[in-house]
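First the structure, then my questions, so here it is.
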Amino acid sequence: MSFFDHKDFDNHEQVCYFSDEASGFKAIVAIHNTQFGASLGGTRFYNYTNDDDALTDVLRLSRGMTYKSAMARLPLGGGKSVIIGDPKSIKNEALLHAFGDALERLNGVYVAAEDSGTSVNDMKIIHQRTEHVTGYHEKQSQEGGSKSGDPSPATAYGCYLGIKAAVKFKHNRDDVKGLRIGIQGLGNVGYRLAELLHNDGAVIIACDLDQNALAKAKRELGAEIVDLDDIYSQELDIFAPCAMGATVNEHTLKIMNATIIAGSANNQLDTATIGQLLHDQGILYAPDYVINAGGIIDVCYEHLGIYDAAKVNLHIEGIYDTLTEMFERSAKENRPTSELADTIARERLNQGIPILA
Ligand code: NAD
């Protein structure tokens, strides 16, 4: 099959393969669209079964970044990178430097940031070789102190607001008190999201592979812990996928009884047809790239050198309004939110480059 016929090609502007024999570095950088600015998106470091899976992943993720940034009204394009291999065994300084050199060769058309398998510290090491990386600066926190470049707290805050928007629309309630919220994955985003919801009186039901995270959630948040496969069939008001993609699929939908799906994971729906199924079954879905935009908003202000915690928070709070608009249009036009999200993102792409005050 020709690359240009790949089902996820979607008119990418540029896709580059990089390697460095000495460090074992292999990566793909996908640049989907630079209409609004440099393509900014995280670097996923993952042990893909094969290179085709890596290509599919990076293409889907980079397209999602174009839509995510357009939807969040950011002056950014969409791109993403994947480093192929198990980060636990092959990640080292030489390999990260090789990635920095690759970014330097791209001359700023793509800007990297942390993602699954990479950390703020990795971004600092990459920065030793290139300016085309972000998400590692110490920056002002909401409380007035400083915080690391980690965008996860911003992502968690945006998801929390997105859940509140969904609850308002579905149940006409401003609070989540007593609601049972299933969190799949208590990582950087999921744990913080669980904290925010617990502080508002929600009941947390959680699963994770990481026993330490589970024990902490049980101790600190009174979370009910369930096995990985049992999360879907719990009595839940809201299912919040905060681990991997494609966990909302035909199989899990059959056993799920939550009426809202809203979480941080990218590419939550296994296929596009699942969006229609959710709509038909009356399950309110907060599209992933809309609800999880808090991190890219945070990183965008950092990248542009205009970071101001109050402005960043205000921008993230726009996620509530965007989702509310989407839910209302979905009901009025009888169209799935997943489909409407793409429509609204395309509308915003046609409205000219956003300017951040
Ligand atoms: P993370 O790696 O810190 O956390 C993921 C957690 O999921 C880990 O605790 C892991 O043990 C757990 N997990 C893995 N497989 C699981 C399974 N089968 N069932 C339950 N738990 C499982 O990642 P993160 O930064 O918290 O991101 C979570 C998701 O949100 C990812 O899909 C990521 O792409 C997406 N996302 C993150 C950000 C961000 O700012 N970090 C921004 C946008 C989107």
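The values are calculated or read from the model by the stated rules, or taken from the named source; none is laboratory data. Because the structure is a prediction, the values reported are computed rather than measured. Because the Cβ atoms are built from the backbone with ideal geometry, glycine has one as well, and the counts that use them run over all protein chains shown. Side chains are part of the model used for accessible areas, which takes the heavy atoms of the whole protein and leaves out ligands, DNA and RNA. Shrake-Rupley method; radii C 1.70, N 1.55, O 1.52, S 1.80 Å.
Quick check, is residue 17 within 16 Å of the ligand (Cβ to nearest atom), of a type outside the set (Val, Ile, Thr) and modelled with pLDDT of 95 or more?
Judged against the criteria, residue 17 is not a match.
Let me ask something additional. Kindly provide the set of residues from region 94-150 that are among the aromatic types (Phe, Trp, Tyr) and part of a helix (DSSP H, G or I), ordered by number.
Once the filter is applied, which keeps residues that are among the aromatic types (Phe, Trp, Tyr) and part of a helix (DSSP H, G or I), region 94-150 yields only 99.
Restricting region 1-59 to residues that are more than 22 Å from residue 86 (Cβ to Cβ) and among the charged types (D, E, K, R), which is surrounded by the most Cβ atoms within 10 Å (Cβ to Cβ)?
Filtering first and then ranking leaves 13.
Another one. Need a quick list: helices (runs of 4 or more DSSP H) entirely within region 277-351 having at least 2 residues that are more than 26 Å from residue 134 (Cα to Cα) and free of Cβ contacts under 8 Å to residues at least 12 places away in the same chain.
309-333, 337-349
Taking only region 151-187 into account, find how many residues are away from the ligand (no atom under 13 Å from the Cβ) and part of a loop (DSSP other than H, G, I, E, B).
8
Which of the residues spanning region 197-209 are surrounded by 13 or more Cβ atoms within 10 Å (Cβ to Cβ) and out of contact with any His (no Cβ under 9 Å at 6 or more places or on another chain)?
197, 198, 200, 202, 203, 205, 206, 207, 208
Now for a different question. Does residue 217 fit the bill of being part of a strand (DSSP E or B), surrounded by 17 or more Cβ atoms within 10 Å (Cβ to Cβ) and within 15 Å of the ligand (Cβ to nearest atom)?
Against the criterion (part of a strand (DSSP E or B), surrounded by 17 or more Cβ atoms within 10 Å (Cβ to Cβ) and within 15 Å of the ligand (Cβ to nearest atom)), residue 217 does not qualify.
Something else now. For residue 80, work out the one condition from (1) surrounded by fewer than 22 Cβ atoms within 10 Å (Cβ to Cβ); (2) of a type in the set (D, E, K, R); (3) out of contact with any Asp or Glu (no Cβ under 6 Å at 6 or more places or on another chain) it doesn't fulfil.
(1)
Among the listed residues 252, 259, which satisfies the condition of being within 13 Å of the ligand (Cβ to nearest atom) and either in the same structural domain as residue 335 (by TED's automatic domain parsing) or among the hydroxyl-bearing types (Ser, Thr, Tyr) (or both)?
Among 252, 259, only 252 is within 13 Å of the ligand (Cβ to nearest atom) and either in the same structural domain as residue 335 (by TED's automatic domain parsing) or among the hydroxyl-bearing types (Ser, Thr, Tyr) (or both).
Does residue 226 fit the bill of being within 21 Å of the chain's Cα centre (by Cα) and either surrounded by fewer than 16 Cβ atoms within 10 Å (Cβ to Cβ) or within 11 Å of the ligand (Cβ to nearest atom) (or both)?
For residue 226, the condition - within 21 Å of the chain's Cα centre (by Cα) and either surrounded by fewer than 16 Cβ atoms within 10 Å (Cβ to Cβ) or within 11 Å of the ligand (Cβ to nearest atom) (or both) - is not met.
Condition first: farther than 24 Å from residue 48 by Cβ and within 12 Å of the ligand (Cβ to nearest atom). Can you find one or more residues in region 193-203 that meet it?
Yes.
Same structure again: Those residues that are at pLDDT below 90 and surrounded by fewer than 18 Cβ atoms within 10 Å (Cβ to Cβ), I need them from region 109-138; list them, please.
116, 138 - these are the residues of region 109-138 that are at pLDDT below 90 and surrounded by fewer than 18 Cβ atoms within 10 Å (Cβ to Cβ).
Filtering region 229-249 down to residues that are of a type in the set (A, V, I, L, M) and within 13 Å of the ligand (Cβ to nearest atom), which residue is surrounded by the fewest Cβ atoms within 10 Å (Cβ to Cβ)?
Per the criteria, the residue is 244.
Restricting attention to region 292-305, does a residue exist that is away from the ligand (no atom under 16 Å from the Cβ), more than 16 Å from the chain's Cα centre (by Cα) and not assigned by TED's automatic domain parsing to the domain that holds residue 36?
Checking region 292-305: at least one residue is away from the ligand (no atom under 16 Å from the Cβ), more than 16 Å from the chain's Cα centre (by Cα) and not assigned by TED's automatic domain parsing to the domain that holds residue 36.
What is the one condition in (1) open to solvent by 10 Å² or more (accessible area, probe 1.4 Å); (2) more than 14 Å from residue 242 (Cα to Cα) that residue 165 does not satisfy?
Single failed check for residue 165: (1).
Report yes if some residue within region 263-276 is open to solvent by 50 Å² or more (accessible area, probe 1.4 Å), of a type outside the set (A, V, I, L, M, F, W, C), within 16 Å of the ligand (Cβ to nearest atom) and under 20 Å from residue 40 (Cα atoms); otherwise report no.
No, there is no match, as no residue in region 263-276 is open to solvent by 50 Å² or more (accessible area, probe 1.4 Å), of a type outside the set (A, V, I, L, M, F, W, C), within 16 Å of the ligand (Cβ to nearest atom) and under 20 Å from residue 40 (Cα atoms).
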